[in-house]
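Below you'll find the structure, written out as C-alpha cells, and then a few comments.
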Amino acid sequence: MTAEHDTSAQRTRRSKGPAVLALGFRPFFLLAGMWAAAALAIFVATLEGRIELPTAFSPVDWHAHEMLFGYIGAAIAGFLLTAIPNWTGRLPIHGVPLLGLALVWVAGRLAVAASERIGAGTAALIDLAFLFLLCAVTLREIVAVRNWRNLPIILVIGVLLTLNALMHAELIGLSEPEGVARRGGVAMVIVLITLVGGRIVPSFTRNWLAKRNARRLPGGFGVVDRLTLAVTPAAFCVWALRPDSGLTAGLCALAAALNLIRLIRWRGHQTHPEPLLWILHLAYLWIPVGLGLIALSHWWPALPASGALHALTSGAMGTMTLAVMSRTTLGHTGRALHAGPGLTAAYLCITIATLLRILSALSTDWDGPLLMAATLAWVAAFVLFLAVCGPMLVAQRRDGDAP
C-alpha cells in the first residue's frame, strides 16, 4: 500500500459519520440485498393479483427493469465505489455524498414503481439520474489522477445508462423494437462478468491453491481467453438485436463452448472445500449454460427461450453478484475469507432458485408451483446474505483498519 493509500485510509478512519457510509460497498450492498429479495416478492405478488403497483411498466417489464437497473445497478455501484480508491489512492466517496447517491438510487426505485401516477417521462429522469451521477463521479476520480487504464469502466456505465434510457423510451413509445434494451442490459452485464470474472476467479483460485501447495494451478491468460472475449460480446450483441436468427444460435453455441473450456482451465473442481471459491466457478458456469440454451432454443423450438434468459440472469448475474458481495463484505470488514454455514446456505438457495426457475420455464403443468418455489429460494438466499453480512455492513471494521 502506498503512502497516498495510507493517508486516505487514515482520513477515512477519522471521519465521524456512521460506519454504513464509510465506503461504497456498505450502503449499496445492503440496498442490493434488500431489493433483490423485495423486488422479486413484489413481482410474484403482482402476477398473482395480490397487489397492483401504480407503474406504467407491465409486471414483467418492471421485474426486468428492477433486476437489471435496480439490483444490479446497486451491486455494480458498491463494487465500483469500493474499487476506485484502490485505483486512484484518493479518499473514497463517503459520508453525505455517499448518502446522497444512495438516496438517488432509492428515488429511482420509487419513481419507477409510481410511474403511472407521476408520469413515465418524470420517472425516467429520476431513475436515469443515478447511473448518470455514478458515471460522473467515476469519471471525476479517474481524471483527477489521470488513471486512463480504468477509463473503459466509464463506457460500461454509459452503455448501461443508454440501455436504461432506451427501456424507458420503449415504454413511452419512442423506440422500437420492444425487448432490445432488456436483452442489451443482460448482455452488457454478462460481458462485464466475463471480463471481471476472468480476472478474479482464476486469481483467487490460484492464490488459494498455491497456499495449499497444489500441484496444478489455473491456466494463465491465453488463446482461449482471447477468443472467448472476442466471440462472447459478438454473440450477445447479435442476440440482443436478433434473438431468433440462426447466426445468433451459431455464435452462442461457439461462445458457450469457449466459456466452458475457459472455466475448466481454472481448476474449480479443486476448490470444493471453500464455498467462497466454488460459488464463483458455479456462477461463471451459468454463462455457458445460458448461451447453450439460447442456441438449443433455436434448433429445438419446444425449448422456451425464457429458460436461457434465467440461466443468465438468476444464474450468472444473481449468483456472481451474491458471491462477490459476500466476499467483498468479509474482506473489507476484517473477517476471514471463509463462507460459514449461513453464506453456504445462501449459495445453495440461489442455485436451487435458478434450477427451479429454468424448470418452471420447461414445464406447463408445474410452472406455477415451480415459480413459487424458485421465488422462495431466491428470497431465502438474500435474506441469508443480509442476516450474515448485514450486521457487518453497518458496524465498524473488526480489525480497526480502513472500512
Fill in the blank from the handout: When every residue in segment 218-238 that is more than 24 Å from Trp278 (Cα to Cα) and of a type in the set (Gly, Ala, Ser) is compared, the one surrounded by the most Cβ atoms within 10 Å (Cβ to Cβ) is Ala235
Problem - Condition met for Gly318 (of a type outside the set (Phe, Trp, Tyr) and either surrounded by fewer than 17 Cβ atoms within 10 Å (Cβ to Cβ) or touching a Phe, Trp or Tyr at 6+ places or on another chain (Cβ under 6 Å) (or both)) - result: no
Problem - Filtered residue count, segment 126-164, keeping only those that are over 23 Å from the mean Cα position of the chain (by Cα) and within 18 Å of Ala181 (Cα to Cα) - result: 0
Completion exercise
When restricted to Thr313, Thr333, Thr364, Thr375, the only residue closer than 21 Å to Ala75 by Cβ, open to solvent by 30 Å² or more (accessible area, probe 1.4 Å) and not aliphatic (A, V, I, L, M) is Thr313
Practice task
Look at segment 269-298 and say how many of its residues are touching a residue at least 12 places away in the same chain (Cβ under 8 Å) and assigned to a loop (DSSP other than H, G, I, E, B).
Solution key: 1
Problem - Residue in segment 352-359 that is under 19 Å from the mean Cα position of the chain (by Cα), polar (S, T, N, Q), over 26 Å from Ala19 (Cβ atoms) and open to solvent by 10 Å² or more (accessible area, probe 1.4 Å) present - result: no
Practice task
With the condition kept exactly as written, say whether any residue in segment 220-235 is over 30 Å from Gly70 (Cβ atoms), in a helix (DSSP H, G or I) and not aliphatic (A, V, I, L, M).
Solution key: yes
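The values are calculated or read from the model by the stated rules, or taken from the named source; none is laboratory data. Since the model is a prediction, treat every value here as computed from it, not as a measurement. Every residue, glycine as well, gets a Cβ built from its backbone with ideal geometry; the counts of neighbours run over all protein chains shown. When the accessible area is computed, the model is the full protein with side chains, heavy atoms only, and any ligands, DNA or RNA have been set aside. Shrake-Rupley method; radii C 1.70, N 1.55, O 1.52, S 1.80 Å.
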